[in-house]
Amino acid sequence: MRAVVLDEDDTVGVKGASSRGICYAQKSLEIFERLGIYERIRAKGITWSVGRTFSGADEVYTFNLQDDSASEQPPFINLQQFYLEWFLVDRILELGASDLRWKSRVTKVEHESDAVVVEVETPAGRYALEAEWFIDATGANSRIRDAMGLEVNPSRSTDRWCITDVRFKTPFPTQRWTWVDAPFNEGRAVWQHLMADDVWRLDYQMAEDCDPEAISRPEVAGERLRAQLGPDVEFEFVWIGPYQYRDHLLETFRVGRTLFIGDSAHVVSPFGARGGNNGIQDAANLGWKLALVLAGEAEDGLLDSYHVERFAAAEENLTVCRRTARFLAPRSRAEHRIRRAVCTLARHHEFARRLANTGRMAQANAYPPSPWAPGGARSMQNVAFDGTTLMRCLAGGTRFLGLAVGADAATLVRLDEEAALLPIDFRRVDPASPLALHLGAAAGSVVIVRPDAYVAAVLPEARPEAVEAAMRAALGLDARTPLPLEPA
């Protein structure tokens with residue numbers, strides 16, 4: 001679909017090499033596979049699945065996220081945000097369907113009955129742009145959202161951190177290392193991640209009353225590194241910067257023909273890499289729905305499901321991150337005692353390891369039951385089958401996938417013919433294949449998969465009328481609406 005993309009800046013990665021998002025989760029990587037930039041990310045980034053958690057000088061537990069994965073993409077790849085933005089810009093230009101305009105700041109948004117009029121300020125002057133739909137992805141400090149008078153109920157934490165991006169002469173294992181109460185950081189938390197270009201990112205939790213400028217001085221950052229790794233460690237700084245996080249949640253992600261995604265809609269603390277990944281998944285959820293509406297294959301009520309699903313995901317992520325924040329920065333003696341008890345027990349007991357909360361790593365959120373997904377919707381991994389993968393089958397962007405488990409050729413032909421007016425393609429799945437196991441579907445059933453790789457419905461039998469009913473629900477069409485729809 002054609003689009004105009006407006007960016008206030010003319011660089012990628014927030015004016016260069018500052019350290020922003022770095023951990024891209026499997027669901028995001030699968031989306032990038034569908035978008036055609038995954039191989040570039042994989043080649044440049046650092047693939048990892050093992051995380052090690054320490055309390056004091058002792059290792060409390062280790063996890064391997066690959067143990068529960070069936071996807072063609074790994075659990076995580078670390079890559080500096082400016083690289084990802086660079087690859088996305090290149091792909092936008094390569095596809096040629098979008099007009100990317102730099103140094104373009106939105107100053108006013110007006111809603112009309114069938115359009116949105118956007119006032120844009122550029123170095124060459126101002127102009128007005130009329131659009132069918134407008135998406136606000138301007139971030140946590142969205143002036144567009146504020147101008148509409150929308151409440152986000154922000155909450156700012158007193159927890160303070162300092163990022164140190166550094167290269168070491170001697171390499172470390174490619175693993176996520178986390179200290180709950182590092183002895184070399186005055187009993188506060190530390191994260192250690194490897195990124196592209198042999199750059200390690202270390203996040204040090206600081207005292208709440210610290211001076212952000214003082215803790216970011218190279219000589220102070222160097223003292224922290226030598227306390228952690230020894231007085232003889234050899235390194236060079238790449239970037240140093242303090243941060244203090246906040247969270248917020250917009251009450252609605254749709255206002256008329258304006259839709260809010262990413263940090264414009266919700267902000268969470270950085271624990272578990274849920275910020276950027278969920279913005280990416282917002283876009284994947286919204287993209288196919290908006291494209292179907294623009295193509296006249298769904299009514300605009302389908303866009304209400306974007307708010308329902310992604311608002312629920314944002315609420316869940318906020319809850320998870322707030323629990324992590326309380327574990328890493330206890331607010332009372334009782335919370336401190338609980339954390340010490342958990343870390344002590346986790347050294348010896350499996351049940352306590354699940355309670356040691358240093359950041360539950362981002363996963364694809366399941367969606368609650370709704371008119372568009374009566375049974376709820378769960379994410380599918382990018383499993384290989386029949387010489388292809390799930391994401392390659394969904395690469396068209398707006399086509400659903402009907403996975404007929406154990407179906408014969410005649411059944412597939414009948415399903416295709418009966419569903420010809422609906423945006424769905426059918427594929428046979430071997431009942432003994434890894435995909436059938438991942439689906440958890442019995443022979444003879446049909447699993448309807450949405451363009452964002454979420455399950456829309458599981459049908460016990462391959463009946464065309466059941467397929468149509470499931471598709472009408474997923475598209476927000478009632479039984480009286482004739483097919484195909486006429487473009488708006």
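A short reminder: the numbers here are calculations on the coordinates, not readings from a lab. Remember, predicted model here, so these are calculated numbers, not experimental data. Ideal geometry is used to build each Cβ from the backbone, glycine not excepted, and the neighbour counts take in all protein chains shown.
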Residue by residue through segment 328-339, the couplings from Karplus 6.51 cos²θ - 1.76 cosθ + 1.60 with θ = phi - 60°, in Hz, x for Gly and Pro, are 7, 9, x, 9, 8, 4, 4, 5, 4, 5, 4, 5
Go through segment 155-245 and name the GluC sites (Glu not before Pro) that are in a DSSP coil and have 10 or fewer other Cβ atoms within 10 Å of their Cβ.
Glu234
Quick check on the chain: helices-only [θ] at 222 nm, where DSSP H runs of length 4 and up contribute -39,500 (n - 2.57) each and the sum goes over total residues. Nearest 500, please.
-9000 deg cm²/dmol
On a 0 to 90° scale, report how tilted helix 409-418 is relative to the longest principal axis of the chain, with both axes built from alpha carbons and the result rounded to the nearest 10.
80 degrees
Given the options Val118, Val50, Gly376, identify the residue whose Cα lies farthest towards the positive end of the charge dipole of the chain (+1 on Cβ of Lys, Arg; -1 on Cβ of Asp, Glu).
Val50
Find the relative contact order for the chain and round it to a whole percent, using C-alpha pairs within less than 8 Å whose residues are 6+ positions apart.
14 percent
Listed by chain and number, the residues whose amide H is under 5 Å from that of Phe426, excluding neighbours fewer than 5 places away on the same chain and using placed H, are Gly402
In terms of the charge dipole of the chain, which places +1 on Lys and Arg and -1 on Asp and Glu at the beta carbon, the residue among Pro218, Ala346, Asn365 farthest towards the positive end is Ala346
The residues Asp247, Asp282, Asp203, sorted from fewest to most surrounding Cβ atoms within 10 Å, come out as Asp203, Asp247, Asp282
For segment 384-475, what does the alpha-carbon gyration tensor say about shape, rounded, prolate or oblate, given a ≥ b ≥ c as the root eigenvalues, a/c under 1.5 as rounded, and a/b over b/c as prolate?
rounded
Expected output is a single nm value to one decimal: the length gained when fully extending between Ala291 and Gln66, i.e. 0.36 nm times separation in residues minus the C-alpha distance. What is it?
77.6 nm
Among His193, Tyr245, Val166, pick out the residue whose Cα is farthest towards the positive end of the charge dipole of segment 155-247, where Lys and Arg carry +1 and Asp and Glu carry -1 on C-beta, about the Cα centre.
His193
Charged-residue dipole, Cβ positions (Lys, Arg, Asp, Glu), segment 146-259 about Cα centre, Debye nearest 20
380 debye
Listed highest first by mean packing, meaning other Cβ atoms within 10 Å per residue, what order do 376-382, 344-350, 295-301 come in?
376-382, 295-301, 344-350
So which GluC sites (Glu not before Pro) in segment 423-471 are both in a DSSP loop and have at most 12 other Cβ atoms within 10 Å of their Cβ?
Glu461
Trypsin sites (Lys or Arg not before Pro) restricted to segment 195-264 and DSSP loop, no more than 11 other C-beta within 10 Å:
none
From the backbone phi of segment 89-99, what are the Karplus-calculated ³J(HN,Hα) couplings (6.51 cos²θ - 1.76 cosθ + 1.60, θ = phi - 60°) in whole Hz, Gly and Pro given as x?
4, 4, 5, 4, 5, 5, 5, x, 9, 10, 9
Rounded, prolate or oblate (a/c below 1.5 giving rounded, otherwise prolate when a/b exceeds b/c) for segment 155-247 by Cα gyration tensor:
prolate
Rounded to the nearest 20 debye, what is the charge dipole size of the chain about its Cα centre when +1 sits on each Lys and Arg Cβ and -1 on each Asp and Glu Cβ?
1480 debye
Between segment 177-210 and segment 246-279, the Cα center-to-center distance that results, in Å:
26 Å
May I ask you to derive the FRET efficiency for Ser113 and Arg378 from their Cβ-Cβ distance with R0 = 56 Å, giving the value to the nearest 0.05?
0.90
What's the exposure ranking of Val117, Val458, going from fewest to most Cβ atoms within 10 Å?
Val117, Val458
By count of other Cβ within 10 Å, fewest leading, how are Ile41, Ile22 ordered?
Ile41, Ile22
Between Thr344 and Glu299, how many nm apart are label points set 7 Å from Cα along the C-beta direction?
6.2 nm
Please compute the modelled spin-label separation between Ile92 and Asp416, points set 7 Å along Cα→Cβ, answer in nm with one decimal.
3.7 nm
With +1 assigned to the C-beta of every Lys and Arg and -1 to the C-beta of every Asp and Glu, and no other charges, what is the dipole magnitude of segment 267-367 about the Cα centre in debye, to the nearest 20?
1320 debye
I need the phi-derived Karplus couplings for segment 66-72: 6.51 cos²θ - 1.76 cosθ + 1.60, θ = phi - 60°, integer Hz, Gly and Pro marked x.
5, 4, 10, 9, 10, 7, 6
Separation of segment 104-165 and segment 307-358 by C-alpha centroid, Å?
33 Å
Excluding residues fewer than 8 places away in the same chain, name every one of the aspartates and glutamates whose C-alpha is closer than 19 Å to that of Lys169.
Asp197, Asp198, Glu219, Glu223, Asp232, Glu234, Glu236
